[in-house]
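Presented below is the structure to which this report refers.
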Amino acid sequence: MTTKTPIRVAVTGAAGNIGYALLFRIASGEMFGKDQPVILQLLEIPVEGPQKALKGVAMELEDCAFPLLQDMVLTGEAEVAFKDVNWALLVGSKPRGPGMERADLLKDNGKIFIAQGKAIDAVAADNARVAVVGNPCNTNVMIAANQAKRLPKDRFTAMVRLDENRGRAQLAKKAGVSINDVSDLFIYGNHSPTMFADFTHAKIGGKDAASVIGDEAWLKNEYLPAVGKRGAAIIEARGLSSAASAANALIDHVRDLNTVGAIHSVAVDSQGRYGFAEGVWAGMPVKTTAPGAYEVITSYEMDDFAKSKIALTNDELVGERETIKDLLV
Ligand code: NAD
Ligand code: LMR
């Protein structure tokens, strides 16, 4: 039996599709470790249907008899959900449907992150960390972080790990190797079709991925768009946006942010790195330096092609910021 103090984890949109694929894995120890007890603080919109569905999910969590799940809080109020939390996982928001881009959600979803950013800053634990999944996640995290007066901006991250996982999987498939042979593939920029999955520094079996694949045209003209538009392809095939793979990526995102030495793609406050505009949140490689803390790896030299891709995704991030500028203080 573990003697660790439980950590408090808020999950918003807990009765949604990603919530259903996520909560059971958190409660079983896949996100924070098999000896780390958790208290789940679950937020849903304060209306009957979602609140009832949330109760049902909580009943199922109870029925799993997870040894690590110490308690649950079910609520429709942000200040209750984020009270004393060590991690806030912001999933709750509208997903896109067929034919939409994630940016089409900006106006609807953006305002959710004002209230939630404010509530987190007011009531979360001093060591609180925030991971945003709700789309468009780069701009939503910027909106939330913009409300923070107490918590530093580097505590606010958004998820591009699903893109990294997709990018690695597609390289492994093309090369006919195990996923474990693909490394150093990092995502730059927006979680959108403009993202740059940097194959130029990726490795397959420790060798330069581009030379192992041996087909630059495929990498530029097929691979990049396939990774960038994978979310839309899933929506087209499933009729719903990705949920299990998104939940899985969030587990990877948070677990690796707590694993010292892990190197992984995270959307962070760019601070002008890699040519991104100051103040936008852009995907880039980070190295975890202490549980929850990271430094951005800035040593990758970009060639002209990579620079042009980064410029494109940066332009989109700047455009999104312009669209929601009324939501920033
Ligand atoms: P869903 O519609 O199944 O569930 C969303 C849930 O959020 C719903 O239950 C809804 O009631 C709740 N919700 C809405 N507003 C809320 C608020 N203000 N507070 C609390 N809860 C609220 O959607 P889903 O499939 O779970 O997707 C959730 C979000 O995640 C979408 O925006 C989707 O586009 C995004 N997403 C991001 C990634 C990524 O890689 N970043 C991947 C997949 C999905
Ligand atoms: C994804 O990448 O699967 C999600 O962001 C959902 C979407 O709208 O594409």
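The values are calculated or read from the model by the stated rules, or taken from the named source; none is laboratory data. Everything numeric in this text was worked out from a predicted model, so none of it was measured. For neighbour counting, all protein chains shown are included, and Cβ atoms are generated from backbone atoms with ideal geometry for every residue, glycine included.
Brief remarks follow.
- Matching entry among 315, 303, 256, 269 (being modelled with pLDDT of 95 or more and farther than 26 Å from residue 117 by Cβ): 303
- Of the set (1) free of Cβ contacts under 8 Å to residues at least 40 places away in the same chain; (2) outside the structural domain of residue 12 (by TED's automatic domain parsing), all apply to residue 149 but (2).
- Residue 103 vs. criteria modelled with pLDDT of 95 or more, within 16 Å of ligand 2 (Cβ to nearest atom), assigned to a helix (DSSP H, G or I) and under 30 Å from residue 228 (Cα atoms): no
- Qualifying residue in the stretch 240-261 (condition: part of a loop (DSSP other than H, G, I, E, B), more than 9 Å from ligand 1 (Cβ to nearest atom), touching a Ser or Thr at 6+ places or on another chain (Cβ under 9 Å) and at positive phi): yes
- Cβ pairs under 9 Å, 6+ apart, first in the stretch 198-217 and assigned by TED's automatic domain parsing to the domain that holds residue 180, second assigned to a loop (DSSP other than H, G, I, E, B) and β-branched (Val, Ile, Thr): 204/177; 205/177; 208/200; 209/200; 210/200; 212/177
- Of all residues in the stretch 267-291, those satisfying the criterion of being assigned to a strand (DSSP E or B) and touching a Phe, Trp or Tyr at 6+ places or on another chain (Cβ under 7 Å) are 267, 268, 269, 282, 283, 284, 285, 286, 287, 288.
- Enumeration of residues in the stretch 5-63 that are away from ligand 2 (no atom under 16 Å from the Cβ), more than 28 Å from residue 260 (Cα to Cα) and in a loop (DSSP other than H, G, I, E, B): 14, 15, 44, 45, 46, 47
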